[in-house]
Every structure is written in structure tokens, then in C-alpha cells.
Amino acid sequence: MEKRVYNFAAGPSAMPEEVLKEAQRDLLCYPGAGCSVMEMSHRSAEFQKIAADAESSLRRLMDIPEEYAVLFLQGGASMQFSEVPMNLTHQGETTAYIVSGSFAGKAFEEAKRWGNAVCVGSSEEEGFTFFPKIKASDIPKDAKYLHITGNNTVFGLCCNTLPETGGVPIAADWSSAILGREIDVRKHGLIYAGAQKNIGPAGLTLVIVRKDLILDPADRVVPTMLRYKPQIDADSMYNTPPCFAIYMAGLNFKWLESQGGVAEMEKRNKAKAKLLYDLIDASDIYSNRVNKEDRSITNVTFTLPTKEATDRFIAEAKDAGIINIKGHKAAGGLRASIYNGVSMQAVEYLAEFMEKFRV
Ligand SMILES: *Cc1c(COP(=O)(O)O)cnc(C)c1O
């Protein structure tokens with residue numbers, strides 16, 4: 001087998017090796033089915049059990065109460081930028097958005113197509129270096145929800161303390177921190193996440209939503225495929241679901257449970273992040289511009305003094321078996337995404353490389 005490299009990709013990203021190996025073992029023949037998961041009907045008893053087990057495992061991992069639906073959808077987190085307003089509000093109604101990064105900005109733009117979306121806090125002018133603090137009184141009285149991007153993947157900042165909303169439900173994009181840190185579902189009306197960061201392969205989108213918040217029916221113009229209610233009624237199988245991605249997510253959930261669950265992952269991710277941030281803070285050449293209390297434990301961004309040094313860092317890292325360390329084009333610089341699938345050993349290897357690198 002070819003050697004696996006140290007992969008710090010922001011998404012699709014590294015998955016736990018045990019999970020990949022289990023999938024490999026069962027790739028040709030899923031036990032008892034005589035065929036691959038990719039080849040079986042989504043209506044078969046085998047697949048129904050795969051999907052139901054994945055959901056119950058996730059419910060245990062995140063302590064998701066009964067009054068919340070769990071949906072396995074498609075379209076990515078980006079589709080939710082539209083689906084959230086379309087399912088929770090009538091056209092033209094007011095919603096509130098905190099713009100703490102590029103994906104947050106995109107979510108806000110989509111919401112404006114549907115209704116009266118109001119920005120109640122932004123760190124755009126400061127280059128997304130902090131999570132904007134707001135007061136409950138900043139949220140319009142008639143806002144149906146407050147949208148936040150829990151973890152800003154591109155700039156590496158996180159909403160480490162949820163805002164006080166005075167009872168307005170929080171709808172949050174937790175794509176890049178879900179299952180990597182504890183998230184109190186009860187403090188949210190809705191949580192969504194693209195799977196390719198910390199759940200499983202691309203192609204699957206997770207939505208956790210308090211059922212009483214969903215408009216039923218949604219406005220007439222909302223296509224059936226974009227409505228939550230028909231998907232809830234059909235256990236996320238209104239049409240063919242992303243079967244293989246759901247199966248892989250299920251394996252990952254099972255692995256997470258065997259490792260001690262989300263609390264343990266948070267502990268590990270904090271230790272991994274601390275190693276890198278301590279190194280960056282003590283260094284003369286690396287820097288991180290994010291407000292310390294808003295730093296992400298899953299996406300660590302840093303810069304070198306010059307473009308020449310940055311390019312050479314990326315090239316030399318590649319020779320050392322470290323890939324996908326380049327920052328997002330909107331942020332520049334460098335970024336190490338250190339989700340659950342990235343081991344402490346991989347982060348130690350990166351830290352050693354960073355220590356040795358000279359400008
Ligand atoms: C990656 C990401 C997205 C986009 O996800 P897609 O599944 O590609 O649509 C949106 N929001 C956040 C916070 C992300 O990290």
C-alpha cells in the first residue's frame with residue numbers, strides 16, 4: 001500500500017484510519033447482505049438498520065432530545081443557507097445574522113433573498129479576527145431566529161460562548177466543529193453541518209432541528225426537496241439518500257463512541273490546538289491574528305512574514321509528507337485543520353516541522 005501522508009485538509013478532511021479500514025473490509029460484501037452498501041436498496045432491511053443505527057449513535061453522542069429531528073440530507077451546508085430560512089420563516093419575515101466569516105456572509109446573503117435578514121454583528125471590517133459580541137437587545141423583536149456560524153473554518157475563529165438571545169432560537173452552522181467539541185443541542189433551535197469536515201465523506205448534510213420550529217406547511221413556493229417536513233416523515237428517505245456517506249458517518253459515530261465520545265474528542269482537540277497555538281505565540285516568525293478567546297480548536301490559522309516564506313513552507317511541508325496546509329484563499333497564510341481524524345501524533349509531527357522551519 002502507498003504511504004498515507006499527514007493531511008490537514010479543511011474538508012473533505014482526514015478520517016480516522018480505523019473507520020477507513022472497517023469500510024475497506026466490508027466494501028465488497030457488507031456482512032449478511034452479499035453485496036456492497038453502495039449496491040443495496042435504500043429500502044432494504046440492511047440499509048434501514050444502517051441508517052437507524054447511525055441516527056441513534058449520533059443522538060447518544062450529542063445527547064439530542066426527542067423533540068429534535070435528525071435529518072440526513074444533501075446539498076451541503078451551503079444548501080442550508082437557503083433551507084433554514086425557507087423552513088423556519090414565511091417569505092419576507094425578519095431573521096438576524098451574525099457575520100463572523102465568509103460562510104456566515106454567504107448564509108446572510110441567501111437569507112436576504114428570502115426575507116428581511118438583518119446583520120446584528122459583524123467582524124468583516126476587522127478581517128474576521130473575533131466573534132462579534134451582541135446583546136439580546138440587538139436582535140430585532142420580530143426575528144424568528146438568530147443565525148450564527150459556530151466555527152469559522154476559513155479564519156479559524158469560534159463562537160466559544162453562545163450569545164444571549166432573550167428567547168430567540170439560535171440556528172447554527174457547526175460544519176467544522178460538530179463532534180469535535182461539546183455543543184449543547186438544547187441551546188439551539190437548529191444545527192446544521194456539511195459532513196466532509198468531521199462527520200464522514202462529502203455528499204451528506206446533517207440537520208438537527210427542533211420540530212416545533214418548522215413551518216408546516218412551508219410557503220407554497222418552497223420545492224418539496226427543500227422542505228424538512230417530508231424528509232422527517234420519510235426518515236430522510238423522501239428520495240434516494242446518500243447511502244454510502246450515511247454508512248461511513250455511522251462507522252465514524254461508532255468509532256467516536258468507542259473512543260469516549262465528544263467530551264474526549266474535545267479534550268484531544270484542545271490539546272492538539274494548544275500545542276500549535278503555544279508554538280505560534282512563542283515564535284518570532286509565526287503569528288495568529290484571532291482574538292485569543294475566540295480561537296478555534298479545529299482550524300488553526302497562522303501566517304509567516306512573507307509570501308516567499310509561505311510558499312516555501314508549503315513546498316517543504318509537502319516534501320515532508322504534510323499536505324493541505326495552505327490557508328483558504330480568502331484568508332491567505334496557512335491553516336492546519338485538526339479534526340477528530342487527525343491524531344495527536346500527526347499534530348506533533350507538524351509542530352516539529354514548524355519548529356525546524358527557518359525564514
Ligand atoms: C465547509 C463549510 C461550509 C460549506 O459546506 P458545503 O458542504 O461545501 O456547502 C459552510 N459552512 C462552514 C462553516 C463550513 O466550514
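If you roll a 1.4 angstrom probe over the protein chains with everything in place, what fraction of the accessible area of the chain belongs to carbon and sulfur, to the nearest %?
51
Of all DSSP beta bridges confined to the chain, the antiparallel ones make up roughly 55%. Taking a straight Cα-Cα cut-off under 18 Å and skipping sequence neighbours fewer than 8 places away in the same chain, the aspartates and glutamates within cross-link reach of residue 329 are 124, 125, 126, 308, 311.
Build a GNM of the chain with springs between Cα atoms under 10 Å apart, and of 107, 249, 330 the one that fluctuates most is 330.
Where does the chain land at 222 nm, in deg cm²/dmol rounded to the nearest 500, when only DSSP H runs of n ≥ 4 count, each adding -39500 (n - 2.57), divided by all residues?
On the way: 9 runs with 124 residues, N = 359.
Counting only the DSSP helices, I get -11000 deg cm²/dmol.
For the pair the stretch 178-220 and the stretch 25-60, the centres of their Cα atoms are 22 angstrom apart. Backbone N atoms of the stretch 102-136 closer than 11 Å to the 7 Å Cα→Cβ label point of residue 293 belong to residues 131, 133. If you take all C-alpha pairs in the chain, what percent of them are over 38 Å apart? For the chain, the fraction of Cα-Cα distances above 38 Å is 18 percent.
Under the simplified labelling scheme, the residue 182-residue 124 pair shows an inter-label distance of 3.5 nm, with each label point 7 Å from Cα along Cα→Cβ.
Accessible surface calculations at 1.4 Å, restricted to protein heavy atoms, place the chain at 45 Å² per residue.
Qualifying chymotrypsin sites (Phe, Trp or Tyr not before Pro) in the stretch 197-268, where qualification requires a DSSP coil assignment and no more than 10 other C-beta atoms within 10 Å, are lacking entirely. For residue 135, give me every one of the aspartates and glutamates with a C-alpha distance below 13 angstrom, ignoring sequence neighbours fewer than eight places off in its own chain. Once the sequence-local aspartates and glutamates are set aside, what remains near residue 135 is 164. Rg then Dmax, both in Å and based on the Cα atoms of the stretch 19-69: 13.2, 38.
Summing +1 for each Lys or Arg and -1 for each Asp or Glu, what net charge is found among the other residues whose Cβ lies under 11 Å from the Cβ of residue 299? Could the numbers behind the result be given before it?
Numbers: positive: 197, 295, 335; negative: none.
Spelling it out: positives minus negatives among the neighbours equals +3.
The mean sequence separation of alpha-carbon pairs under 8 Å and at least six residues apart, normalised by the residue count of the chain, gives a relative contact order of 24 percent.
How long is the gain from residue 135 to residue 1 if the chain were fully straight, where each residue apart is worth 0.36 nm and the alpha carbon distance is subtracted? Let's see the in-between values first.
Values: separation 134, 0.36 × 134 = 48.24 nm, distance 5.48 nm.
Full-extension gain reported as 42.8 nm.
For residue 28 and residue 274, a Förster radius of 30 Å and the Cβ-Cβ distance give a FRET efficiency of 0.10, rounded to the nearest 0.05. The share of C-alpha pairs in the stretch 89-164 whose separation exceeds 22 Å stands at 18 percent.
Here the stretch 135-177 is scanned for amide nitrogen atoms under 11 Å from the site 7 Å beyond the Cα of residue 94 along Cα-to-Cβ, giving 138-145. Extending 7 Å from the Cα toward the beta-carbon at both residue 282 and residue 18 defines two label points whose distance is 3.1 nm.
For the residue pairs 106/318; 21/326; 133/292, the alpha carbons lie more than 20 Å apart in 106/318; 21/326. In plain terms, the chain is cut at each of the trypsin sites (Lys or Arg not before Pro) found in a DSSP loop with at most 11 other Cβ atoms within 10 Å, and the longest leftover piece is 221-328. Rounded to two decimals, the Cα-based Rg/Rh of the stretch 51-207, with Kirkwood Rh, is 0.94.
The share of Cα pairs per 5 Å bin across the stretch 152-239, counted from zero up to the longest distance, runs 3, 12, 20, 22, 20, 13, 9, 2 percent.
Computed log10 I(q)/I(0) for the stretch 35-126 at 0.10 Å⁻¹: -0.43, from the Debye equation with unit scatterers placed on every C-alpha and solvent omitted.
For the stretch 3-43, the ratio of Cα radius of gyration to the globular rule of thumb 2.2 N^0.38 Å stands at 1.50.
The values are calculated or read from the model by the stated rules, or taken from the named source; none is laboratory data. Keep in mind that what you see is a predicted model, and the values were worked out from it rather than measured. Glycine gets a Cβ as well: all are built from the backbone with ideal geometry, and neighbour counts include every protein chain shown. Calculation scope for accessible area: heavy atoms of the full protein, side chains included, ligands and nucleic acids excluded. Shrake-Rupley method; radii C 1.70, N 1.55, O 1.52, S 1.80 Å.
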